[in-house]
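**Q** Next up is a structure, given as structure tokens.
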Amino acid sequence: MADNAKFTDQGLVSEFHHTAHTDEIHHRLHQPNENLILERNKRLRNEPEAFRKNDYMTQVASIPLIMWEKAIRDGYQLNCKDREIADKELMRFLRSENGKKCLVMEKI
């Protein structure tokens, strides 16, 4: 007999699986599917009126967690403590072939 629990928080799914006969607990954290996010981004790029600007900022991208982590492994310093470097690296990533898929507006 196994017990399962699933929690979601801002698009992430945290799953716990307990196996009684071995008394082991396994945890898995994932996004349901990055393709859902990328398809939404594509729709938003084609609907410029969908953008909402406020006094402080405009959303330019929505990056799935798996792509964010892969970009860091590929050498983009997105998690650099120096904000100036991290900002430049983010722009460099968003101009890459994979980064362009994350854009929610045509041009940055």
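**Q** What is the distance, in nm, between label points placed 7 Å from the Cα along the Cα-to-Cβ direction at residue 18 and at residue 73?
**A** So the two model labels end up 3.2 nm from each other.
**Q** With charges only on Cβ, +1 for K and R and -1 for D and E, what is the dipole size of region 33-108 about its Cα centre, in debye, rounded to 20? Intermediate results must be reported in sequence, preceding the final value.
**A** On the way: 16 positive and 13 negative charges, 24 e Å.
Around 120 debye, computed over region 33-108.
**Q** Expressed in nm to one decimal, what extension gain is obtained for the pair residue 87 and residue 43 from 0.36 nm per residue of sequence separation less their Cα-Cα distance?
**A** Numbers: separation 44, 0.36 × 44 = 15.84 nm, distance 2.53 nm.
Roughly 13.3 nm would be gained on extension.
**Q** Follow-up. Using 0.36 nm times the number of residues separating residue 33 and residue 60, minus their current alpha carbon distance, what extension gain do you get?
**A** Details: separation 27, 0.36 × 27 = 9.72 nm, distance 2.03 nm.
Length difference between fully extended and current span is 7.7 nm.
A short reminder: the numbers here are calculations on the coordinates, not readings from a lab. Worth saying up front: this structure is predicted, and the values here are computed from it rather than measured. Reconstructed Cβ throughout: ideal geometry from the backbone, glycine too, with neighbour counts over all protein chains shown.
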